[in-house]
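Following: one structure in structure tokens, then a few remarks.
The values are calculated or read from the model by the stated rules, or taken from the named source; none is laboratory data. In this text, all values refer to a predicted model and were calculated from it rather than measured experimentally. All Cβ positions, even for glycine, are placed from backbone atoms using ideal geometry, and neighbour counts span all protein chains on display.
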Amino acid sequence: MAVTATVHRFEVELADIDRGVYESLDMRVARHPSEDEARVVVRVLARALAHEEGLEFGRGLSTVEDPALWAHTPTGEIKTWIDVGAPSAERLHRAAKRADQVRVYTNKLQTALHKVWTTRAIHRAEAIEVTRLPADLVQGLAGQLERNIQWYVTVQDGAVSVAQGEQSLDGALVRSSLADFLEA
């Protein structure tokens, strides 16, 4: 018998003071059997931190050509492509050719990412935005992953804070272009 996806419901109160975005997000997130808790957390945080009109989850890990999140133009072209974790250099290269805007949200170590992303030239690397999430925050939230979750996400002065129940985790968001990331 095949193992099926686990559906998590996230109710997120977003206060992104840096961008002036205040939203209540109600998300149903399917967790593929091969997907670990940390990746689910990164996907949901990416959805909140990148909030824009029309942004939605891709079709999942079983549809490898889709990003984790995307938004389309009214004509159906990809406006925003968002990947999480450590997408390959080839994948980012293709994404930069297909989408107006490409972003990566990750909790991976800089050295590991550098190794993955220097395997080939990446189209428009200077335009790809990389946001490194605090690893402690991601692991802390992953350890509390339940079927129904309520988060209060606040972004201010380049830092993110996530409150869940009585606990609050926070840390700095490290943002750069992919080109700058690779030069560091």
For this session: Evaluate the following for Val44: is it surrounded by 19 or more Cβ atoms within 10 Å (Cβ to Cβ) and in contact with a Ser or Thr (Cβ under 9 Å, 6 or more places away or on another chain)?
Result: no
Exercise. Only one residue in Leu14, Leu49 is surrounded by 15 or more Cβ atoms within 10 Å (Cβ to Cβ) and out of contact with any helix residue (DSSP H, G or I) (no Cβ under 9 Å at 6 or more places or on another chain). Which one?
Worked result: Leu49
Problem set entry | Filter pass, Leu182 being within 12 Å of Leu45 (Cα to Cα), part of a helix (DSSP H, G or I), of a type outside the set (Ser, Thr, Tyr) and out of contact with any Pro (no Cβ under 8 Å at 6 or more places or on another chain) | no
Seminar exercise, completed: Counted residues in the range 125-175 being at pLDDT 95 or above, part of a strand (DSSP E or B) and either within 16 Å of Gly85 (Cβ to Cβ) or touching a helix residue (DSSP H, G or I) at 6+ places or on another chain (Cβ under 9 Å) (or both) come to 16
For this session: Take Asp100 and decide whether it is in contact with a strand residue (DSSP E or B) (Cβ under 8 Å, 6 or more places away or on another chain), charged (D, E, K, R), farther than 21 Å from Ala30 by Cβ and in contact (Cβ under 8 Å) with a residue 12 or more places away in the chain.
Result: yes
